[in-house]
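Taking it in order: structure first as structure tokens, then the write-up.
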Amino acid sequence: MKPSKKSAARIRYRGRFAPSPTGELHFGSLVAATGSFLQARASGGQWLIRIEDLDPPREVPGAADRQLETLAEFGLMSDLPVQRQSLFRARHDQALERLLQAGQAFPCACTRKDLPPDGIYPGTCRSGIAAGKTARSIRFRVTSERIRFSDALLGPQEQTPALQCGDFVIRRADGLVAYQLAVVVDDAAAGITQVVRGADLLDSTARQIMLAQALSLAAPEYLHLPLVVDQAGRKLSKSERDDPVRRYPPAAALRLALRALGHEPPPGIGSVEGQLAWATMSWNLAAVPHGPVSIDVHGSADRDYTPEGNADQSI
């Protein structure tokens with residue numbers, strides 16, 4: 001699970017993009033992929049693609065290959081062999097067993113219906129499963145600790161998992177390992193030095209830091225990019241129609257993605273290759289908006305951009 005000191009010493013910077021193969025690559029994922037790619041390039045490091053195929057019931061056949069093909073159309077190709085997380089179940093199980101043996105995880109018989117309205121687990125099975133009940137999932141035993149970390153874009157952050165979610169699931173009732181555990185184990189195994197992803201995953205960070213600490217793994221640094229929303233404030237997702245990734249040619253869609261990241265190339269740079277080269281040379285986190293970025297998916301790729309949360313941002 002843990003990279004050797006010798007291999008870790010050779011890694012100056014290694015980032016990754018980890019899409020779930022539950023559908024076509026969508027615009028929000030393109031923004032996250034582009035931002036993580038540029039951060040790796042600007043840092044003189046490596047960029048890895050890891051397919052997050054942890055949930056077979058939700059996986060769409062062929063989606064992973066189509067996502068890789070789409071990323072390649074935008075010039076986003078992994079520097080290392082593409083990984084598939086489903087191949088790493090043995091190390092996920094090893095980490096799970098280690099947490100159970102240390103008393104840092106416990107079996108739980110609760111269903112979603114057993115949780116209070118706020119969704120925060122009340123510790124029902126912490127001391128054991130009630131008579132007549134059967135274990136369904138495994139939860140990580142959180143402490144009351146406040147987790148503090150510095151986000152490379154958003155600055156100092158503080159989260160308390162005990163107040164946000166309580167003990168959280170690390171193996172689901174269907175026997176599948178949960179995202180929170182798998183991502184920590186696999187990032188450490190791959191030697192990821194910085195996780196660059198969308199701000200919708202910011203709330204997961206403290207849980208993942210807690211898991212890394214419990215498994216004696218070095219936690220990576222974090223950088224959370226602005227969430228992309230439509231003009232009604234809804235998160236752009238795979239289910240939304242008129243996604244710019246499918247609506248426009250790659251060069252036009254990439255320009256929109258770079259615009260959302262505060263790095264739109266000059267008008268004279270039209271090709272995918274030229275835009276990526278310009279953005280790599282120009283990449284500056286100070287130019288990336290902090291808050292949600294509104295994109296008019298029905299508008300032109302050459303206009304309709306509104307950054308929110310950066311009052312001094314001028315584009």
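Can R246 be described as in a helix (DSSP H, G or I), in contact (Cβ under 8 Å) with a residue 24 or more places away in the chain and within 24 Å of D53 (Cβ to Cβ)?
On the way: in a helix (DSSP H, G or I): yes; in contact (Cβ under 8 Å) with a residue 24 or more places away in the chain: yes; within 24 Å of D53 (Cβ to Cβ): yes.
Considered against the rule, which asks whether it is in a helix (DSSP H, G or I), in contact (Cβ under 8 Å) with a residue 24 or more places away in the chain and within 24 Å of D53 (Cβ to Cβ), R246 comes out as yes.
If I filter region 152-163 down to residues being in contact (Cβ under 8 Å) with a residue 40 or more places away in the chain and buried (at least 17 other Cβ atoms within 10 Å of the Cβ), which single residue comes out as nearest to W283 (Cα to Cα)?
Going through the qualifying residues, I end up with L153.
Which of (1) part of a helix (DSSP H, G or I); (2) closer than 28 Å to P244 by Cβ; (3) hydrophobic (A, V, I, L, M, F, W, C) is the odd one out, the single condition V60 does not satisfy?
Evaluating V60 over (1) part of a helix (DSSP H, G or I); (2) closer than 28 Å to P244 by Cβ; (3) hydrophobic (A, V, I, L, M, F, W, C) leaves (1) as the failure.
Applying the selection to region 20-57, what residues are outside any helix (DSSP H, G or I), more than 29 Å from G274 (Cβ to Cβ) and not hydrophobic (A, V, I, L, M, F, W, C)?
Once the filter is applied, which keeps residues that are outside any helix (DSSP H, G or I), more than 29 Å from G274 (Cβ to Cβ) and not hydrophobic (A, V, I, L, M, F, W, C), region 20-57 yields S20, P21, T22, G23, E52, D53, D55.
Only residues that are in contact with a strand residue (DSSP E or B) (Cβ under 7 Å, 6 or more places away or on another chain) and basic (K, R): list them for region 9-40, please.
Those that are in contact with a strand residue (DSSP E or B) (Cβ under 7 Å, 6 or more places away or on another chain) and basic (K, R): R14, R16.
How many residues are of a type in the set (S, T, N, Q), surrounded by fewer than 20 Cβ atoms within 10 Å (Cβ to Cβ) and within 19 Å of the chain's Cα centre (by Cα) if we restrict to region 84-110?
Of the residues in region 84-110, 1 are of a type in the set (S, T, N, Q), surrounded by fewer than 20 Cβ atoms within 10 Å (Cβ to Cβ) and within 19 Å of the chain's Cα centre (by Cα).
Limited to region 1-53, what total is found for residues that are within 21 Å of Q213 (Cα to Cα), at pLDDT 95 or above and among the polar types (S, T, N, Q)?
So the answer is 0.
The values are calculated or read from the model by the stated rules, or taken from the named source; none is laboratory data. Computed from a predicted model, the values in this text were never measured in an experiment. FYI the Cβ positions are ideal-geometry reconstructions off the backbone, even for glycines, and counts take in every protein chain you see.
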